[in-house]
1. Quick check on segment 95-130: of everything there that is under 16 Å from LEU74 (Cβ atoms) and touching a strand residue (DSSP E or B) at 6+ places or on another chain (Cβ under 9 Å), which residue is surrounded by the most Cβ atoms within 10 Å (Cβ to Cβ)?
2. Among the listed residues VAL85, VAL95, VAL72, VAL108, identify the single one that is touching a Lys or Arg at 6+ places or on another chain (Cβ under 9 Å), farther than 14 Å from ASP130 by Cα and not basic (Lys, Arg).
3. Could you list all residues from segment 128-156 that are at pLDDT below 95 and assigned to a helix (DSSP H, G or I)?
4. Which numbered condition trips up CYS82, out of (1) closer than 17 Å to VAL121 by Cβ; (2) surrounded by 14 or more Cβ atoms within 10 Å (Cβ to Cβ); (3) not small (Gly, Ala, Ser)?
Amino acid sequence: MRTGVASRPAEPSRIAFQPRSVFAKAEIAPAAANQSRTMPTASLESALETAACLWEAVLTLRDHPSSEPDAVALALAIRETCNAVGTADLRLTVVGWTSAVEAAWSVVADSYDLCFDWDFVPGWIVDHIDWSDPARPTIRPEPVSQDPARAPADEPVTAQPPAWRPSADEGN
């Protein structure tokens with residue numbers, strides 16, 4: 001780099017602009033009408049809000065865990081999943097849980113005393129999502145029991161992801 005020499009910056013490249021007539025051919029109104037027939041606006045807005053709450057809860061569980069060991073293990077598992085699949089792929093996976101969360105909420109909505117976004121959704125994630133495979137977080141068929149007396153005797157109540165289990169030397 002030479003100093004003391006004044007030079008003008010290069011002209012930025014131009015963005016190709018299509019004439020208005022090209023855009024006039026797009027049939028936006030019929031497409032919008034078809035979409036509104038598929039899902040009512042209230043349902044669409046509800047699904048979008050649930051998806052946003054799910055993503056926000058995953059980020060909060062990952063980035064701001066409580067000091068409890070299970071919360072820290074969950075945060076590390078979510079972080080490992082982000083590293084394995086990438087944020088964009090994980091976000092699409094999380095959005096795919098929307099209908100399951102809405103179905104679970106519809107069962108308890110009238111009797112649930114806490115918030116949907118800050119209490120129910122994060123609790124649903126903790127109870128229903130299996131993070132043991134960083135490449136594929138999935139909905140468990142049954143939620144993890146919080147009461148060891150209610151869990152089947154031959155199955156663990158919770159299991160840490162394989163990468164976070166202590167080795168035989170550390171565990172003893």
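The values are calculated or read from the model by the stated rules, or taken from the named source; none is laboratory data. The structure presented is a predicted model; accordingly, all values stated were derived computationally and were not measured. When we count neighbours, we look across all protein chains shown, and the Cβ atoms used for this are built from the backbone with ideal geometry, even at glycine.
1. Among them, the one singled out is ILE129.
2. Numbers: VAL95 fails: touching a Lys or Arg at 6+ places or on another chain (Cβ under 9 Å); VAL72 fails: touching a Lys or Arg at 6+ places or on another chain (Cβ under 9 Å); VAL108 fails: touching a Lys or Arg at 6+ places or on another chain (Cβ under 9 Å).
On inspection, the qualifying residue turns out to be VAL85.
3. Listed by number, the residues that qualify are PRO148, ALA149, ARG150.
4. (1) is the only condition that CYS82 fails.
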